Amino acid sequence: MQIERPRTRVEEKQEHLANMVRMIAQSQYHALFVISQGGTGKSRTITNVLRDEGQDVVTYNSHTTPLALYRLLWENSKSEKIVYIDDCDELYNKSGPALGLLRSALFGQPNRLVTYNSSTLPPDLPARFETTSRFIFCANKVPKKCPIFDAVVSRCLVYRMDLTNPEIIEQFRVMSENGYPGCPPEAAEEIVDFIEQHGDEKQLSMRLLTPAIRIYKFCTENNTDWRPVVLAQMQNLGRPVSATKRLNNHEQQERLLAEAQAKFPDSVSEQQRYFCDKTKKSRATFYRAINRMKKGA
């Protein structure tokens with residue numbers, strides 16, 4: 001009998017998001033706002049759940065004007081489709097009129113009244129209408145200290161999906177444990193170790209592993225070193241965002257290594273098992289921590 005492995009933290013968070021998307025798909029609520037940095041898998045999770053639920057979707061992304069948004073709301077006001085607004089972060093940052101439209105479209109159950117009072121309103125659009133649409137919004141960044149945006153979000157289910165670097169590395173290890181075509185498991189593990197080793201000062205992304213695997217395959221086929229190319233790819237990553245002050249990663253590792261050595265003074269393998277269980281990091285990270293401790297002694 002095959003024993004299923006425990007879910008990773010990334011998988012748990014994606015399942016929390018999936019449940020909220022199901023609530024929208026099954027008309028248990030009319031709007032969901034998902035906030036996270038890029039590369040967390042939120043868009044893939046949303047689209048997969050909506051597909052599995054047999055839900056039709058109209059997707060709107062990139063730049064929009066208040067009038068274009070009003071037309072979108074009108075055209076889908078009676079539709080059974082879910083309006084999915086993705087990658088429209090500027091809509092929330094700079095457009096008071098657009099936020100006002102969204103606020104109206106999200107208030108009321110089930111009918112919500114939306115109006116547009118302007119002499120420039122095209123003749124094919126009504127000045128007011130009621131909507132029963134359902135919405136899913138995704139944003140990487142949202143404005144701070146913006147009451148009208150806060151009013152929009154207060155009328156939605158909200159899920160903040162932030163992933164830490166250790167959670168992403170944990171997911172990478174699960175994703176790569178069987179290797180890839182042209183990249184055997186031991187090579188995939190080495191790639192993840194390399195990303196972990198050089199990712200302390202970067203905000204890792206779930207989008208990083210696939211290009212890293214492709215870089216490895218290309219460089220290996222051409223007898224060149226893949227590491228500088230992956231490192232160059234990582235230079236595009238931003239610094240990690242933290243809401244609270246945390247110990248430096250190396251300090252955390254050294255503290256846990258000291259605990260492991262105190263608990264199991266006669267067994268390096270038990271020390272390594274304890275360290276990896278507590279940090280969710282690799283055996284290679286354990287030995288790097290030992291080397292740093294020896295150099296600092």
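Structure notes:
- The set of residues from segment 186-209 being surrounded by fewer than 18 Cβ atoms within 10 Å (Cβ to Cβ), at pLDDT below 95 and part of a helix (DSSP H, G or I) comprises just one member, Gln197.
- In the set Glu4, Glu11, Glu53, Glu80, only one residue is charged (D, E, K, R) and modelled with pLDDT of 95 or more; that residue is Glu53.
- Selection status of Lys202, closer than 30 Å to Ala25 by Cβ and within 18 Å of the chain's Cα centre (by Cα): no
- Within segment 65-85, residues that are in contact (Cβ under 8 Å) with a residue 12 or more places away in the chain reach partners that are assigned to a strand (DSSP E or B) and among the basic types (Lys, Arg) with beta carbons closer than 6 Å, at six or more positions or on different chains, in the pairs Ile82/Arg134.
- Sole exception among (1) aliphatic (A, V, I, L, M); (2) free of Cβ contacts under 8 Å to residues at least 60 places away in the same chain; (3) touching a Cys at 6+ places or on another chain (Cβ under 8 Å) for Leu106, by number: (2)
- Just one of the listed residues (Gln253, Gln272) is assigned to a helix (DSSP H, G or I), closer than 17 Å to Thr164 by Cα, in contact (Cβ under 8 Å) with a residue 12 or more places away in the chain and open to solvent by less than 70 Å² (accessible area, probe 1.4 Å), namely Gln253.
- Evaluated against (1) at pLDDT below 90; (2) part of a loop (DSSP other than H, G, I, E, B), Tyr287 falls short on exactly one condition, (2).
- Checked against (1) open to solvent by 70 Å² or more (accessible area, probe 1.4 Å); (2) of a type outside the set (Phe, Trp, Tyr); (3) touching a Lys or Arg at 6+ places or on another chain (Cβ under 7 Å), Ser36 meets all criteria but (1).
- The listed residue being touching a helix residue (DSSP H, G or I) at 6+ places or on another chain (Cβ under 6 Å), surrounded by fewer than 18 Cβ atoms within 10 Å (Cβ to Cβ) and either acidic (Asp, Glu) or on the phi < 0 side of the Ramachandran plot (or both), out of Val21, Val57, Val49: Val57
- Residues being closer than 14 Å to Phe33 by Cα and touching a residue at least 40 places away in the same chain (Cβ under 8 Å) - total across segment 86-103: 8
- In segment 25-58, the residues that are of a type in the set (S, T, N, Q), free of Cβ contacts under 8 Å to residues at least 40 places away in the same chain and farther than 20 Å from Arg155 by Cα: Thr45, Thr47, Asn48, Gln55
- Scanning segment 275-294 for residues that are surrounded by fewer than 20 Cβ atoms within 10 Å (Cβ to Cβ) and free of Cβ contacts under 8 Å to residues at least 40 places away in the same chain returns Cys276, Asp277, Lys278, Arg283, Tyr287, Ile290, Asn291, Met293, Lys294.
- Selection over segment 16-44 of residues that are assigned to a helix (DSSP H, G or I), modelled with pLDDT of 95 or more and not basic (Lys, Arg) gives a count of 9.
- Subset of segment 123-143 [closer than 18 Å to Ala98 by Cβ and either under 20 Å from the mean Cα position of the chain (by Cα) or without any contact (Cβ under 8 Å) to a residue 40 or more places away in the chain (or both)]: Ala127, Arg128, Phe135, Ile136, Phe137, Cys138, Ala139, Asn140, Lys141, Val142, Pro143
The values are calculated or read from the model by the stated rules, or taken from the named source; none is laboratory data. The structure displayed is predicted, hence computed values, not measured ones. In this analysis, Cβ positions are derived from the backbone assuming ideal geometry, glycine residues included, and neighbour counts consider all displayed protein chains. When the accessible area is computed, the model is the full protein with side chains, heavy atoms only, and any ligands, DNA or RNA have been set aside. Shrake-Rupley method; radii C 1.70, N 1.55, O 1.52, S 1.80 Å.
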